[in-house]
1. Scan around A:Ser350 for amide H atoms under 5 Å from its own, H built in the peptide plane at 1.01 Å from N, and keep only partners 5 or more places away or cross-chain.
2. Could you tell me the extents of the stretch B:46-98's C-alpha atoms along the three principal axes, largest first, rounded to whole Å?
3. Under the Karplus relation 6.51 cos²θ - 1.76 cosθ + 1.60, θ = phi - 60°, what is the ordered set of whole-Hz ³J(HN,Hα) values for the stretch A:145-157, x standing for Gly and Pro?
4. Shielding of A:228-237 by partners, i.e. mean partner chain Cβ atoms within 10 Å per residue?
5. Out of B:Leu285, B:Leu76, B:Leu28, any idea which swings most in a Gaussian network model of chain B, alpha carbons joined below 10 Å?
6. With a 10 Å radius around each residue's Cβ, average the other Cβ atoms per peptide and rank A:130-141, A:69-80, B:91-102, B:261-272, highest first.
7. Does anything in the stretch A:436-468 have its amide N under 17 Å from the 7 Å Cα→Cβ label point of A:Ser107, and if so which residues?
8. Summing Lys, Arg as +1 and Asp, Glu as -1, what charge do residues with Cβ under 11 Å from the Cβ of A:Gln439 carry, A:Gln439 excluded?
Amino acid sequence: MKKRNAALAMSTLLWAGSVLSACGSSGTQPTAAAPAETMTTAAPADSTQGTAETADGTYDVAGAGQVSLDVMITSLGDSDGGPYLRGVMDSYMAMYPNVKLNPVECSMNDLYTTLITQATAGTLPDIFTMSEAYSANCLEMGMSTDRLAELLGEQYMNGIIDAAIENATVDGTLVYMPWQNNTTAMVYRKDLFAEKGIEAPKTWDEFLTAAKTLTEDTDSDGTPDRYGCVFAGTRNDSAESRFQTFALTFGCDFVTANGDGTYTSGFGTEEYKNAMTAFVNIAANEGVTPAGFVETGYSEAYTMIAADRACMFFSASNVLGGIYNANPEMRGKMGSFPMPTAPGVAPVTSFSSVGMTISSTCKNPEVAADFLKYMTSVENSVAWNEATCRLPVVRDALTAICENDEAYAGFAAASENAVIYPAFAGLAELRDISGECWQTVVSEGVSIEDALATAASKAEEVAKSHSN
Amino acid sequence: MKEKSREARNYRLKSAFTPYGFILPASLTILLLVVYPILYGVYISFFDTNLVNKWNFVGLRYYLRALTDSSFLHSLWKTMVFTVTVVGGHFLFGFIFASILNLKIKFRTLFRGILILPWLFPDVVIAYLFKWILNTQGGIINALLMHYHVVRVPVGWLSTSATALPCVILVSIWKGYPLVMVQILAGIQTVSTEMYEAAKIDGANAWQRFCYITIPALKPILTTILILDTVWVFKQFTLIWLMTSGGPGSSTMVSAIEIYKNAFSYFKYGLASAQSVYVLVICYLIGVVFRRLLRDD
């Protein structure tokens, strides 16, 4: 706790430094996309460089002088989201010619490595992508401003779904502005379900039955060529975080905070054992998934659905974008339903979010906040969804999208039972232990009992090492 | 007289310092780009740190933990197996192809160009190329095997423990042999043909000429390539990471991947640095041992 306080004190000092060096002046300029929302940011109370605050308490971007901001958003490199984001940046710069936004590309896989390097060298971009997986570390290292909530303003914050705010908050500090809503649900081939008369499964037993029905040898060559489902089994965070959601549907929490600074791993529980056993069985032993489960990552999985070789896959909504991009004919054929659960477990899924934060070294945090609010306005969030199929966390935009496209119905229903993982710095390690566990069972032939025992022992060690 | 002695003293001073002036840029570059990072890495290994604002001194704790960490020891073993087989493969194929290219055969230049191609491709391209060639679903190897009814179901070349490491080794050999081949070929071409002719007259067969003329003549080159290749292969990361990420399970988890994961997935920079120091020491010892063993008496 003392370390956390020290980190907070350090980030406060950094923030104070950035505020003192920030520049600004007076004037009023409405933001085009969402004028009412984007003009709510208050200028810093201790600003010593002019009056950037207008009479109604909003921040005057046009009067802020020449501002240059480095914007490192992981989606900038995506084929679908990248051009759209650059368009949003261009339109913001057209609106405010005094603001220069410099796009910086960085893949999600390289994000944390890049951030560490930049933080060490003191070259953090002004705006950068952040997620709940790293938010605790981000706060501890004083990378982001600790007054993000203040910069975004109460009115803007009220428009974001509560789970997203909770997810992005660590020890009472909003670490990043949530943007992408990564509620997990099952996407499926709606047309094939209708053709076979299958109802959306509510339990994993029903799911397996449906998957068996959907597994077919369509060209009659003696081997199935369309499988009921596809599971991601690679040893990376993408697949491993999916398993964490899968375990949740068996009533297993990877880790539990004991409230006294210590943590207990859930890997030794019966629920974890049931989850891992069911996962391995469905993914590798039942013949309802394509061969090569251990090699199947996220992109391989949605490519198989797009290629009509698999029918179900659990993921966040952006998988629909991947499928439609790979095969536009799939539009209208896809649907979604909430995650099935084990017997006796109430409907549940995981909520996580990816967003952006403003660095503690940013000299113009108010302008950065204004741009972020512009970028995530209702109109831009809907347009972002059209470009990428990602669901937003802005309440009105989410409602509009889910009402207009039936494919998101399952995500909307699932979000009612979505839970947030505790902020635990060793989460990546725990996930990796799970990945190693199923891979040793499937590819090395180790018995599930032995693999589970090894996993439980390693997880306990991780929980202990992160306990105070 | 005094003037002359001052001039002589100035000249002596100038002569004494001029060489240092010449080596200064290189020395500074080495200090900044080699010595400082190594020393900083060693420094980090004594701390529980996030590299930004947490620096808790832990002494030798991470060095001791690395020695008892079964994952790290397992990764070192995998690295040894990988290194020995890959370097062996590089030398085997390097020698074979260099010997062939040294013969007066038709289209020698064309073959030389083709054989050197794998070395010209970036690791990333090769890794993805073979990942798809060996892919369980739709990989050309499985497609061919199934087409000719060699197997009924596709083989998980990279998803089965028994085949993943051999596949990665083969790809690494394919990628790296051209360097050894080129060096050996260059060495062979410097060996005087008169020596071979003399040996022939003395009744030496091809094997004897190879053992008693080619190998000794190539010894200085071989020592250098052996040390460089062993150390490069020992630190191999890109190919393995992109092909298998250390999996399935931990069947291709070499020390470079283990260290990378500790540092950049789990943010255990201190432990990762301590493990890196062990790898540095091992690589240094490899160089020392090879130099001793292959010393030209």
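Read-outs: derived from the displayed coordinates by stated rules, not from any lab. Predicted model only: the values in this text are computed from it and were never measured. Methodologically, a virtual Cβ is constructed for each residue, glycine included, from the backbone with ideal geometry; neighbour enumeration extends over all protein chains shown.
1. Distant-sequence amide H within range of A:Ser350: A:Thr184, A:Val419.
2. Computed over the Cα atoms, the extents are 54, 25, 14 Å.
3. With the stated coefficients, the stretch A:145-157 comes to 5, 9, 10, 4, 4, 5, 5, 6, x, 5, 4, 5, 4 Hz.
4. Values: counts 0, 0, 1, 0, 0, 3, 5, 9, 3, 1.
The mean count of partner-chain Cβ atoms within 10 Å per residue comes to 2.
5. B:Leu28
6. Details: A:130-141: 23.6, A:69-80: 20.1, B:91-102: 18.4, B:261-272: 22.1.
Result, highest mean Cβ count within 10 Å first: A:130-141, B:261-272, A:69-80, B:91-102.
7. none
8. Working: positive: A:Arg235; negative: A:Glu240, A:Glu295, A:Asp432, A:Glu436, A:Glu444.
With Lys, Arg at +1 and Asp, Glu at -1, the net is -4.
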